[in-house]
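Read through the structure below, which is laid out as structure tokens, and then see the notes.
The values are calculated or read from the model by the stated rules, or taken from the named source; none is laboratory data. All of these numbers come straight from a predicted model, not from anything done at the bench. Here the Cβ positions follow ideal geometry from the backbone for every residue, glycine too, while neighbour counts run over all protein chains shown. Quick note on the areas: whole protein, heavy atoms, side chains included, nothing else; ligands and nucleic acids left out. Shrake-Rupley method; radii C 1.70, N 1.55, O 1.52, S 1.80 Å.
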Amino acid sequence: MIVTLGLNDAFSPETAASEIEQQVAADLERLRAGLPDARIIVVEPFWHAGEPPDSLDTIAGWLRGAAADIDADYIAGASRWLQGHQEWMSWDRLHPNDAGYAELASRMDRELTGLGILSDSG
């Protein structure tokens with residue numbers, strides 16, 4: 001199971017940091033309790049082509065810690081996979097276009113291969 005969460009929380013950590021951190025842990029604990037035998041892979045939140053805010057790094061740190069607490073794999077760096085590539089973004093500049101989604105899929109395939117989930121041949 002692959003999960004990413006916390007992206008929208010990057011806009012409000014100053015006002016709700018404690019609650020967000022607790023909820024991240026609770027969400028992953030609930031996922032582990034419901035799927036005790038599943039291999040869980042937690043992915044750092046994706047970000048658009050611009051520079052991610054510092055708050056996203058904070059949330060990524062909470063996710064990394066919560067993933068370790070439930071014995072899940074963690075994929076770092078996803079918030080920067082599209083960075084600097086406006087050509088991979090849709091008209092709203094927040095969501096990837098088809099080329100951007102293809103890049104995300106390619107990067108995810110490489111990460112999953114590195115974790116031994118996919119073979120080098122896909």
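So the values come out like this:
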quantity: Filtered residue count, the range 43-52, keeping only those that are under 14 Å from LEU94 (Cβ atoms), open to solvent by less than 40 Å² (accessible area, probe 1.4 Å) and in contact with a Phe, Trp or Tyr (Cβ under 8 Å, 6 or more places away or on another chain); calculated: 1
quantity: One residue from ALA66, ALA25 being closer than 22 Å to GLY116 by Cα and either at pLDDT 95 or above or in a helix (DSSP H, G or I) (or both); calculated: ALA66
quantity: Odd one out for ARG30, checked against (1) open to solvent by 70 Å² or more (accessible area, probe 1.4 Å); (2) part of a strand (DSSP E or B); calculated: (2)
quantity: Subset of the range 66-89 that is of a type in the set (Gly, Ala, Ser) and free of Cβ contacts under 8 Å to residues at least 40 places away in the same chain - its residue that is surrounded by the fewest Cβ atoms within 10 Å (Cβ to Cβ); calculated: GLY84
quantity: Every residue from the range 53-63 that is assigned to a helix (DSSP H, G or I), under 17 Å from LEU82 (Cα atoms) and open to solvent by less than 50 Å² (accessible area, probe 1.4 Å); calculated: LEU56, ALA60
